[in-house]
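The values are calculated or read from the model by the stated rules, or taken from the named source; none is laboratory data. Quick caveat: nothing in here was measured; it's all calculated off a predicted structure. Heads up, the Cβs are rebuilt from the backbone with ideal geometry, glycines too, and the neighbour counts pull from every protein chain shown. When the accessible area is computed, the model is the full protein with side chains, heavy atoms only, and any ligands, DNA or RNA have been set aside. Shrake-Rupley method; radii C 1.70, N 1.55, O 1.52, S 1.80 Å.
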Amino acid sequence: MSQHNEQIPWQATAKRRRVAFFSAIGLLTGLATFWLGSNLPSELALIWQILVLFPFAVLFLWLALGFMTAIAGLWVLSFGGQNRIASAPSSPLPQLQTRETTAILLPIYNEDIAYVYAGLQSIYQSLEQTGQLQHFEFYILSDSDDASNWLREEAAWSALCRTVGSTDRIHYRRRKHRTKKKSGNVMDFCRRWGKRHPYMVVLDADSLMTGDALVRLVDAMDRNERVGLIQTPLYTIGLDTLYARGQQFVNRIYGPIFFAGLHWWWLGESQYWGHNVIIRTQAFMGHCHLPKLPEGGALGGEILSHDFVEAALLSRAGWETWLAYDMEGSFERPPPTLTDSLKRDRRWCQGNLQHWLIIWAHGIPNLHRFLLLGGIMSYISSLIWLGWLVVLTAIAVFYPTLTLIPLTAGNTALLSLTLILLFFYKTFGIAQAIRKGTVKRFGGILGLSGSILMETFLSMLTAPVRMMYYSKFVVQILQGKRAVWGTQQRTGGGLAWEDAVQEYRWVSLTGAIWGLVLLTFNPVTFWWMSPVIAGLVLSVPMGMLTSLQTSLKLNLFRTPDEVAPDFILQAFEKNYAQMLANPCMSTRDLFIRVLVDPLAFRQHMTYIPQRSNVPEGTRQQREELVKRLLEKGPGSISNSERLVILEDSDMLCQLHAQVWQLPEAQFHEHWMSKL
């Protein structure tokens, strides 16, 4: 948009901040690399020195980036507040004036239906409390390819509409042609209904957003015509495994600091994290059609991690993208276990590595190129770390009498600087809790301190495990092995011993061999690398331990969202219990019900279009399918065949009539007895 190309005040501010920000990062990295390089033993060959220094510099740069972001965040929360895109959480709730409605999109794919619909109902109720529900409509956008899930979604949608007393504000649509996964699902909505809604709020299956947050987002879009996207902070809630509660605690105690820090140097060029975001619909439709990457390479095909790319495309077109850094009321669920987290990261890794082909696209703003690189580095850095440790191990074996990092003033300063960058930001969380008066909601000063120490201990042990898995993921992807992009595990826990051994034994074995080699050839280096070795060796018991459920009575990993939950969190727990008890959530075969029950049949028929001009070959195949189903019963056909029937109105009408004409014994044996 040409009118968006002129200089905007925040851009000059962002330029000054980024110069200072990256200069400080470069200074810290240069200083640390100089200290290490100047203190390496002179007996070490040049090639070994390069192999030590170059990976160290790359890793230290990203460490410094995180630390400087925390510093910036502490400044914003303590003295800032400028350049805020949405109204402050403490300010009165704006009254929306627009006559058009904002679409709230819930794309789903074979999800836990009770969980998803309970969340949607809670958002609906929270909006009702604001008195501004009339400004919003809900769209459940299904890509489910499991016949039973599809039918339960329909039944649950009908039940939800009856419960909230609205049939014209909550819509359900299932795509027959499920291309490009979630991004294709959202774009399909835009083509069908985008012109009806100036803005759309994109959720994930585990998303919760308060009515207050939604109203403030719409108000911010109304007041800022240049803005194409506003991302909200994401706070994790809702699970009680040790792993999940640790993630929830970290997210709540440090999240506000890092969100504020990201806002400080991003300003109007924010990333998009895929959900809990408001988007200007016409801007998205005009500029976010994702290209298909060239086939043939390891990174080709459909773009999987679409969100970073869509934010970059909006910025390229001149639209601003912002992070509403201090907004409350935007929630998601973390993976319940370390194992589930790693499975999710396998999919994300493949999508993020694809961004290497997009970084070079014409017109992408430089900051977004850097952010795309950051997504890649979140996985590649593990491979660099592993390679660096392997180099140090090789030096320890080939130079057993050499002290690689002698105890000098420079190395002491380097160690001190590294520890500060790794751990000092944790004191920022305590400082902010004291400043805001929320220490008691984190378990008091003893509970808060104990939680930070426990989280630090668990992070130190699990970081080497992530290093091994991420390195494995990167290598697999570059070899052309594709991830299965399926439904994310959102509940569960309690990893069994045999499953933990099966999953992590290769990591433990690697750690044991690695430690034995170091202990044999260079015991000094073994003790120096013992935290990494311990994390690898203990991966099996850590996988089990972190999957165990923990009691909320323990004064550990408490968060304000547990101690004083928002209305929407309380409503969700109540709605979820009610949804689980709803008859539509039963395990009975709803496919049979659709073909037998006239009411269920008529309801399902409203979701599918009438077909015409069916090819003769297809028609014959379907007649044979109908014949087999009537003769042998519903157990004789597969899920894919059920989908064919459920998507064909002519077949459904034919079957519905013929099932009721079956002999009574056959009718009861194959149909009524299984209802």
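Here are a few things to note about the model shown:
- Over the chain, relative contact order from alpha-carbon pairs under 8 Å, at least 6 apart, %: 18 percent
- Segment Ser586..Ile50, full-extension length gain: 186.7 nm, with 0.36 nm per residue of separation and the alpha-carbon distance subtracted.
- Counting all C-alpha pairs of the stretch 302-458, share separated by more than 21 Å (%): 70 percent
- Sparse packing (at most 13 other Cβ atoms within 10 Å of the Cβ) combined with a DSSP loop state is found for the following trypsin sites (Lys or Arg not before Pro) in the stretch 608-675: Arg611.
- Value in Å of the Kirkwood radius, where the stretch 113-200 supplies the Cα pairs that are averaged: 14.0 Å
- The alpha-carbon atoms of the stretch 48-88 define a convex hull whose volume equals 72 cubic angstrom per residue.
- Alpha-carbon gyration tensor eigenvalues x 5, square-rooted, for the stretch 153-279, Å: 28, 22, 15
- The overall shape of the stretch 221-308 is oblate: from the C-alpha gyration tensor, with semi-axes ordered a ≥ b ≥ c, the ratio a/c is 1.5 or greater and a/b is no larger than b/c.
- Value of [θ]222 nm, deg cm²/dmol, for the chain, DSSP H segments ≥ 4, -39500 (n - 2.57) each, nearest 500: -19500 deg cm²/dmol
- By the compact-protein rule of thumb, 2.2 N^0.38 Å, the alpha-carbon radius of gyration of the stretch 16-120 corresponds to a ratio of 1.90.
- Viscosity 0.692 mPa s, 37 °C: Kirkwood-radius Stokes-Einstein D of the stretch 555-675 over Cα pairs, µm²/s: 190 µm²/s
- Gyration tensor analysis over the Cα atoms of the chain returns equivalent ellipsoid semi-axes of 47, 31, 25 Å (largest first, whole Å).
- Only protein atoms count toward the accessible area here, which uses a 1.4 Å probe; on the stretch 269-356, the carbon and sulfur part of that area reaches 54 percent.
- Flagged links, alpha-carbon separation over 21 Å, of Lys182/Lys292; Lys180/Lys292; Lys181/Lys292; Lys440/Lys574: Lys440/Lys574
- Placing unit charges on the Cβ atoms of the charged side chains and taking the dipole of the chain about its Cα centre, the candidate lying farthest along the positive direction among Pro336, Gly410, Gln610 is Gly410.
- For the stretch 537-590, applying the loop criterion from DSSP together with a ceiling of 11 other beta carbons within 10 Å to the trypsin sites (Lys or Arg not before Pro) yields Lys553.
- What you get for the stretch 140-274, charging only the Cβ of Lys and Arg (+1) and of Asp and Glu (-1), is a dipole of about 480 debye around the Cα centre.
- Protein accessible area in the stretch 505-548, 1.4 Å probe - carbon and sulfur %: 84 percent
- P(r) tail for the stretch 489-638: Cα pairs beyond 29 Å make up 60% of the total.
- What the Cα atoms of the stretch 1-76 give is an Rg and a Dmax of 18.1, 62 Å.
- Options Thr241, Leu44, Gly447, ranked by Cα towards positive dipole end of the chain, top entry (Cβ charges): Leu44
- Remark: the chain carries 43 Å² of accessible area per residue (probe radius 1.4 Å; ligands, DNA and RNA excluded).
- About the Cα centre, charge dipole magnitude for the stretch 534-604 (Lys/Arg +1, Asp/Glu -1 at Cβ), debye: 160 debye
- The stretch 628-675 - Kirkwood radius from inverse mean 1/r over Cα pairs (Å): 11.2 Å
- FRET efficiency estimate (nearest 0.05) - Cβ-Cβ, Trp62 to Leu293, R0 35 angstrom: 0.85
- Its Cα centre serving as origin, the chain has a Cβ charge dipole (Lys and Arg +1, Asp and Glu -1) of approximately 860 debye.
- Projecting the Cα atoms of Val465, Thr101, Leu392 onto the dipole axis of the chain, where Lys and Arg carry +1 and Asp and Glu carry -1 at the beta carbon, places Leu392 farthest toward the positive end.
- Each label point was placed 7 Å from the Cα along the Cα-to-Cβ direction; for Ser90 and Val397 their separation is 6.0 nm.
- Longest site-free stretch - the chain; sites: GluC sites (Glu not before Pro), DSSP loop, at most 15 other Cβ within 10 Å: 296-675
- Accessible-area composition of the stretch 60-189, carbon plus sulfur, in percent [1.4 Å probe]: 51 percent
- Counting all C-alpha pairs of the stretch 228-377, share separated by more than 20 Å (%): 53 percent
- Descending semi-axes in whole angstrom, ellipsoid equivalent of the stretch 315-361, from the Cα gyration tensor: 26, 23, 5
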